[in-house]
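Worksheet: the structure to be examined is printed underneath.
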Amino acid sequence: MLRLAFAGFRHGHAMALYRAAAAHKDIRIVAACEEDRATAAALREAGTIKLTHGRFQEMLEQVDCDAIGIGDYYAARGPMCIAALERGRHVISDKPICIRLEELTRIETLARRGNLRIGCLLDLRGSAPFLTARRLVHEQAIGQVHTVTFLGQHPLLWGARPGWYFEPGLQGGTINDIAIHALDAIPWITGRRVVEVVAARAWNARLPQAPHFQDAAQLMLRLDNGGGVLGDVSYLAPDACGYTIPQYWRMTFHGDGGMIECSEGAASLQIASSQDRALRDLPLDAPVKDAAIESFLAEVRGDAAPLSTADVLAATRLALEVQRRADRG
């Protein structure tokens, strides 16, 4: 039984992680901390979470646990992760786990030195369309992949999204925030490594209320076989559509033997071989429920996991490097 203590609930993903952990037969939640007074008051009023601490450091010192679950605002996560690892605790976090490369270097060092595990909610690995795409690519259904195009269009939801998103220094950049999902999924699906950040750009397109906020972001990468990746992870999806449009997460893979296109939430996957005269719809493989949590638990037990600590750290480093390229213009 994994004893899990939670730190920070200022993002909706933290609630999803908490609910999944609370329902899991191999996890026992032993503490929950929220340092922000307004958030803590809202949680108490809602009655969905039993808060035990108002200071993260006090929870670390007082609570006997195996792991820390982190869901605070992005800039707080790196220091929290480091503090937990320094005390010998495993960590499972919403993405991103940190917003600075120097934080990641420290996290990598502590995890390696203490033989500690780091889980992250990189949930495209449990999604039926992307699991199906991975199987087909690994079965050589479209030959060797040479180009990948992805869209991760999100609604901005100004006025509904947490206010800290738009405060300077707290969100850490839209590429690190959103693109990390694709930067993890693409090597996993294709079996190819990203070897070069060719170009990246992030800018304020339509939000004068927060001129520093990057509501648009694009990137170009090179794969280890010479192939290329193009991506757009902007906050330009129509707000009223929310997360329902196919462009919320859509990936297109072109190989020397055909192409595949898949989208989060779609009922099927589209494929065409070099001999097909039209795209064909294929049924999807079954999704994997709570894939990130199951991988984390497997690693803590010492078993092999579909999403390993090494995978989490690699995706985080790549996202931070692409974000740095964008920030440097």
Item to check | Near pairs, Cβ below 9 angstrom, 6+ apart or cross-chain, from segment 73-84 (of a type in the set (A, V, I, L, M, F, W, C)) to any residue that is crowded, with 19+ Cβ neighbours inside 10 Å and at pLDDT below 95 | outcome: ALA76/ARG10
Item to check | Enumeration of residues in segment 41-62 that are touching a Cys at 6+ places or on another chain (Cβ under 9 Å) and either surrounded by fewer than 21 Cβ atoms within 10 Å (Cβ to Cβ) or in a loop (DSSP other than H, G, I, E, B) (or both) | outcome: LEU51, THR52, GLY54, ARG55, GLU58
Checklist entry - Of the residues that make up segment 193-202, is at least one closer than 26 Å to LEU307 by Cβ, of a type outside the set (A, V, I, L, M) and either free of Cβ contacts under 8 Å to residues at least 60 places away in the same chain or surrounded by 14 or more Cβ atoms within 10 Å (Cβ to Cβ) (or both)? => result yes
Checklist entry - Of the residues that make up segment 293-303, is at least one in a strand (DSSP E or B) and crowded, with 18+ Cβ neighbours inside 10 Å? => result no
Checklist entry - In segment 144-169, which residues are assigned to a strand (DSSP E or B) and under 14 Å from GLN214 (Cα atoms)? => result PRO155
Checklist entry - What residue, among those in segment 221-237 that are under 16 Å from ALA199 (Cα atoms) and within 19 Å of the chain's Cα centre (by Cα), is most open to solvent (accessible area, probe 1.4 Å)? => result LEU230
Checklist entry - Here is a list of conditions, (1) within 26 Å of TRP203 (Cα to Cα); (2) more than 16 Å from the chain's Cα centre (by Cα); (3) crowded, with 20+ Cβ neighbours inside 10 Å, and CYS98 meets all of them except one; can you say which number that is? => result (2)
Next on the checklist: I need a count of the residues in segment 304-329 that are assigned to a helix (DSSP H, G or I) and among the hydroxyl-bearing types (Ser, Thr, Tyr).
Outcome noted: 2
Item to check | In segment 139-155, the residues that are open to solvent by 10 Å² or more (accessible area, probe 1.4 Å), of a type outside the set (S, T, N, Q) and over 23 Å from the mean Cα position of the chain (by Cα) | outcome: GLU139, ALA141, GLY143, HIS146
Checklist entry - Is there a residue in segment 245-261 that is in a loop (DSSP other than H, G, I, E, B) and farther than 30 Å from ARG277 by Cβ? => result no
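The values are calculated or read from the model by the stated rules, or taken from the named source; none is laboratory data. Just so it is clear, the model here is predicted, and its values are computed rather than measured. Here Cβ is always computed from backbone atoms with ideal geometry, including for glycine, and neighbour counts include all displayed protein chains. Remember, those area values only see protein heavy atoms, side chains included, never the ligands or the DNA or RNA. Shrake-Rupley method; radii C 1.70, N 1.55, O 1.52, S 1.80 Å.
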